[in-house]
Amino acid sequence: MPDITAWGGVGEIGGNRFLIREGSTQVLLDFGISFDRETSLFEQPFLQPACLDDLLKTRCVPPIRGCYRNMGRRVRYDAGGPAGLAGAPEARAIDGVLVSHGHTDHCGRLGLLRPDIPVLCSPTTGRLMALRAMAVGSSFDSLDTDVLRPTHPGERIELGTMQATCFPVDHSIPGAVGWVLETGGGKVAYTGDLRCHGLPEGRRATHAFQTELAREPVDYLLVEGTRLGTERAREEHQVESHALPDEESVRARVSEILRGEQELVMYDGPTIDLKRLCLVTEAAREAGRRVAVDSRLAYYLLKLGEDEAGLADIAASDDIHIVLPRRKLPSNSQSCPEAGESGVFAEVFDEGRGGAERVLLAGQRIRRATASGTLSRIEASAFQEAHIPDGRFIWGPRREDVLREPGQWLIYTTNGPLTCLHFMKEPGSLRGTYIYGKAEPFDLEMEFTFQRLQQWLQMAGLKMDYAHTSGHISRNDLAAFVRESGARCVVPIHTTAPERFETMHPNVMHLPIGEPMPLSFGH
Ligand SMILES: [Zn+2]
C-alpha cells in the first residue's frame, strides 16, 4: 500500500517535506528549511551548521536513505598520507522532487540532494531559484541548477510508477503552483502555499486549480492552513491585525497614505513579491513620486520582470532606480589618499560587495570593461547568466538626493533597519512615513525582529503605518476551497492549528513526523 511520511511542515509554518512512496517509487513534495527547528538551535553569524552531517545529526533535515549527495562515502585520513575515500556510495532512492514555489521554507534545502534527483518546478520558480543560487554564491548547501526540470502547467510528468502535474496558484511570489500526483491506487493533491485574494489573474489561477480538483476529486488533499494558526494566536493574545482583505485594498491604502504625506515614504514589502512592487509603484507614480528599490529586489525584478505578466510595464517603461547602501570596509575599500597611513577609508562604489549587488555591478562594469578586458572571469559569467538588460537601471538616488527632495521619492525596501541606517544622518533626522507591508509577526522570532524595526523607526523619526494583505488563504476561502475540491480526505499542513480543519471536513488525517502513514485509496 502506498504511504506518506511528513518530515516537516506539520505543526509548524514552513519546513515542508513530504515523502510519498509506492513500491520502489518515492517522490518528495518540497524540500524546505524548517525555520522553527533551525532557529531554535542555530544563530547568525557564529553558530551555523558547516556541513550536511551537522544538519542530519541535529535533525534539521530528515534521515532519508538514497536522498543526499555523497552519502555512504566518507573521507579517510591516513596517518602521514593524503586523505582518501572510504565506504560505498548509496544508491538513488528518490525519483523526483515536486517544488511548489520559491520561498525557502519550501525549497531552501534542495541543494543538499543528490544531483541525479530531478527537481520539478514551474519555469519561473526555476529561474528564481537559479538567480538566488547565483546571488548567494557557493557553500555546502548551494543548489546545482542542472537538477532543475522546469515543468509547464498541465504537463504530465512520469516519475517511476507515478505521474505528476502542476497547476498555477495565487501566492505572494511569482511562479507558485500546486501539484496533483497520481499513484497506481489513487490521487494526492498538494496545495503548496496559496490564496484567493491576490490580483484577478492570481485569483483565477487558484479558482482553476480548485475546479480541476473538483472535476475528478482526489483521495487526499494536503492543504495549507497558515492563517488558522496565526488567527488563533491573535485571538488568544487579543492582538488586532492590520491585514487588509486583498491586494486592491493595499494599493488604495498606499495611495491614501501618499495623499496625506509630503515628506519621505518608505514601503517595506515581502521579498520577491514583485506584484506588490508593481502596485506600490503605480500608486507612487500617480502621486508624482519616483520609486527607488533596494538592490536585492532590483536584481529579481530585472531578471524575472521580463516574463512575468503584469511586470513588463514596470521593468520596461521606466528606468529602475536602485539604492546602493554605503560601504566603508577597511579590508577591501580604498583609503583616502590625503589621509596617508592613518586609515581613513573612503566610501566606494563597487568594491567589497557581494550577492545581488555584485551581479548588478558586474553588469554595469561589463559595459565599461568589455573592451579593455579588466572584468574578472567570474564577474563576466555572473553577468551573462543573469542576462541583465543593458541601460535599464540607474544607481541612485544618493542619500543627499533623497534628503534634498524627500517628498519626491518612495523607497521600496526589503530591509527596513538597513535602509533607515543608510538614510538617517542622526537620530530623529528623517521625516515621513514607513509603511509596513510584510506579514505581521506570528511567532517569537518574528516578534523580536518587529520590535527591532520599531526601535529603528523611532530612532530615525519615521511614523509607522500599514498596507498589507496576507500571502495565505483566509479561513473562509479555505473552508470553501476544501468543500468545493470534493477531496475524500484532508491533510492539514503548514499550520499550527490543524484541529481547525475538523470543522471544515468530516475526514481529516493528521500526519505525525517521520512515521509512514498508509494511503488507502478505497477502491
Ligand atoms: Zn510561501
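The values are calculated or read from the model by the stated rules, or taken from the named source; none is laboratory data. Just so it is clear, the model here is predicted, and its values are computed rather than measured. When we count neighbours, we look across all protein chains shown, and the Cβ atoms used for this are built from the backbone with ideal geometry, even at glycine. Ligands, DNA and RNA are excluded from the accessible area calculation, which covers all protein heavy atoms including side chains. Shrake-Rupley method; radii C 1.70, N 1.55, O 1.52, S 1.80 Å.
Accessible surface for segment 202-273, divided over its residues, is 46 Å² per residue with a 1.4 Å probe.
If both residues of a DSSP beta bridge must be in the chain, then about 45% of such bridges are antiparallel. Proximity of backbone amide H atoms, modeled 1.01 Å from N, is registered between Lys187 and Asp219, Tyr220 at under 5 Å, excluding neighbours fewer than 5 places apart on the same chain.
Can you give the net charge of the other residues whose Cβ lies under 12 Å from the Cβ of Asp3, counting K and R as +1 and D and E as -1? With Lys, Arg at +1 and Asp, Glu at -1, the neighbours total -1. Each part reduced to its alpha carbon centroid, segment 126-179 and segment 225-264 end up 30 Å apart. A 1.4 Å probe run over the protein chains yields, for segment 112-175, 38 Å² of accessible area per residue, whole-number rounding. First select every other residue whose beta carbon is under 13 angstrom from the beta carbon of Leu120; then total the charges, Lys and Arg +1, Asp and Glu -1. Counting the neighbours of Leu120, the net charge comes to -2.
Find, among the chymotrypsin sites (Phe, Trp or Tyr not before Pro) in segment 1-64, those assigned to loop by DSSP (not H, G, I, E, B) with at most 14 other beta-carbon atoms within 10 angstrom.
The qualifying sites are Phe46.
For the chain, with all protein chains in place and a probe radius of 1.4 Å, 51% of the accessible heavy-atom surface sits on carbon or sulfur. Between the listed residues Asn476, Cys121, Tyr466, the Cα displaced farthest toward the positive end of the dipole of the chain, a dipole computed from Cβ unit charges relative to the Cα centre, is found at Cys121. The stretch between Arg452 and Tyr77 holds 130.3 nm of extra length on full extension. This uses 0.36 nm per residue minus the Cα-Cα distance. If I take R0 = 56 Å and measure r between the Cβ atoms of Glu515 and Arg404 in this structure, what FRET efficiency does the formula 1/(1 + (r/R0)^6) give, to the nearest 0.05? FRET efficiency, Glu515 to Arg404: 0.35.
Of all DSSP-defined beta bridges confined to segment 1-142, some 75% are antiparallel rather than parallel. Around the Cα centre of segment 27-66, unit charges on the Cβ atoms of Lys, Arg, Asp and Glu (plus for the first two, minus for the last two) sum to a dipole of about 200 debye.
Two decimals is fine: what's Rg over Rh for segment 62-208, C-alpha atoms, Kirkwood radius as Rh?
1.07
Per-residue ellipticity at 222 nm, computed for the chain from helices alone with -39500 (n - 2.57) per DSSP H run of at least four residues, works out to -9500 deg cm²/dmol. Averaging the Cα positions of each part gives two centres, and for segment 57-111 and segment 194-208 these lie 37 Å apart. Over 23 Å apart at the Cα level, from the set Lys275/Lys463; Lys275/Lys438; Lys275/Lys425; Lys303/Lys425, are Lys275/Lys463; Lys275/Lys425; Lys303/Lys425.
If you count only protein heavy atoms with a 1.4 Å probe, what accessible area per residue comes out for segment 397-495, rounded to a whole Å²? Per-residue value: 44 Å². Gly355: net charge of surrounding residues, Cβ under 10 Å, Lys/Arg +1, Asp/Glu -1, itself excluded? Residues close to Gly355 contribute a combined charge of +3. Proximity of backbone amide H atoms, modeled 1.01 Å from N, is registered between Val508 and Val490 at under 5 Å, excluding neighbours fewer than 5 places apart on the same chain. Paramagnetic label reach from Glu236 (point 7 Å along Cα→Cβ; backbone nitrogen cut-off under 18 Å): within segment 421-453, residues 440-448. Looking at segment 177-232, none of the trypsin sites (Lys or Arg not before Pro) sits in a DSSP loop with at most 15 other Cβ atoms within 10 Å of its own Cβ.
Sorted into 20 angstrom bins from 0, the C-alpha pair distances of the chain split as 20, 53, 25, 2, 0 percent.
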